[in-house]
1. For W91, state whether it is among the aromatic types (F, W, Y), over 16 Å from the mean Cα position of the chain (by Cα) and closer than 18 Å to S30 by Cα.
2. Test F65 against the stated conditions and say whether it is modelled with pLDDT under 85 and assigned to a helix (DSSP H, G or I).
3. Residue check, A40 against (1) within 20 Å of the chain's Cα centre (by Cα); (2) under 20 Å from R141 (Cβ atoms); (3) among the small types (G, A, S), all met but one. Which one?
4. Give the residues of region 42-57 that are surrounded by fewer than 19 Cβ atoms within 10 Å (Cβ to Cβ) and not charged (D, E, K, R), sorted by residue number.
5. Name every residue in region 2-59 that is among the aromatic types (F, W, Y), in a helix (DSSP H, G or I) and without any contact (Cβ under 8 Å) to a residue 60 or more places away in the chain, in order of residue number.
6. Residue under question is F3, and the condition is that it be modelled with pLDDT under 85, more than 18 Å from A156 (Cα to Cα) and surrounded by 14 or more Cβ atoms within 10 Å (Cβ to Cβ); does it hold?
Amino acid sequence: MFFFDPPVYALLNANAQTWPASIETARLASAWLPNLGIGAVLLAFWRSTPALRRTLVMLLLSMAFAWCVSRLIRWGFPMPRPAQLGMGMQWIHHGASASFPSMHAGGAFALAQAVSLGCTRHRRPLVWLAWACALLIAWSRVHLGVHFPSDVLGGALVGSGSALAVWQLYYRLRRLLRSLRQPR
């Protein structure tokens, strides 16, 4: 837990006086947006061109890499959740697993970063939508009391960094394969 976590968590975490629609919005964002994102990717994969399929594979690899990195960090540095420390209110059932980094935020930001890297300028509204969903998911995890702000910030960094790493590796491998194919 970082120095800014208690005051920012207290500001964002829902309490008994919080508007009920805010809590329900956070619940829906936390439960449904990740599934809708994966569903949209799979539907797009099924109904797309080979170039778009390649981009979608990169997107899924980015999310998978973010998940693996998050798991490794959680294994090495098991940080408690707010409820385990008696802080705030927890609005959804959640186990006592490690909380840093947030895997919801990691996956959402990996998706948003990969969409940013893979979309052409003609699909910018899709990029804005992906980033808005990632921010909504991150907010929902703190609002519902299952993560500290540093957990979702860590998840955002892991997710975005994972997407950048996967795409960078892809372009390097692509250049290497092109150079090997060219006659000398």
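The values are calculated or read from the model by the stated rules, or taken from the named source; none is laboratory data. What you see is a predicted model, and the numbers here were worked out from it, not measured in a lab. Positions of Cβ are backbone-derived with ideal geometry, glycine not excepted, and every protein chain shown enters the neighbour counts.
1. Yes; evaluated as a whole, the condition is true for this residue.
2. no
3. That leaves (2) as the condition not met.
4. Filtering region 42-57 for residues surrounded by fewer than 19 Cβ atoms within 10 Å (Cβ to Cβ) gives 42-54, 57.
Result: L42, L43, A44, F45, W46, S48, T49, P50, A51, L52, V57.
5. Passing the criteria: W32, F45, W46.
6. On the way: modelled with pLDDT under 85: yes; more than 18 Å from A156 (Cα to Cα): yes; surrounded by 14 or more Cβ atoms within 10 Å (Cβ to Cβ): no.
Spelling it out, it is not the case that F3 is modelled with pLDDT under 85, more than 18 Å from A156 (Cα to Cα) and surrounded by 14 or more Cβ atoms within 10 Å (Cβ to Cβ).
Here is a yes/no grid of residues against (1) free of Cβ contacts under 8 Å to residues at least 60 places away in the same chain; (2) touching a strand residue (DSSP E or B) at 6+ places or on another chain (Cβ under 6 Å); (3) small (G, A, S); (4) part of a helix (DSSP H, G or I):
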site: G106; (1), (2), (3), (4): yes, no, yes, yes
site: A114; (1), (2), (3), (4): yes, no, yes, yes
site: R123; (1), (2), (3), (4): yes, no, no, yes
site: L126; (1), (2), (3), (4): yes, no, no, yes
site: L129; (1), (2), (3), (4): yes, no, no, yes
site: L136; (1), (2), (3), (4): no, no, no, yes
site: S140; (1), (2), (3), (4): no, no, yes, yes
site: H147; (1), (2), (3), (4): no, no, no, no
site: A156; (1), (2), (3), (4): yes, no, yes, yes
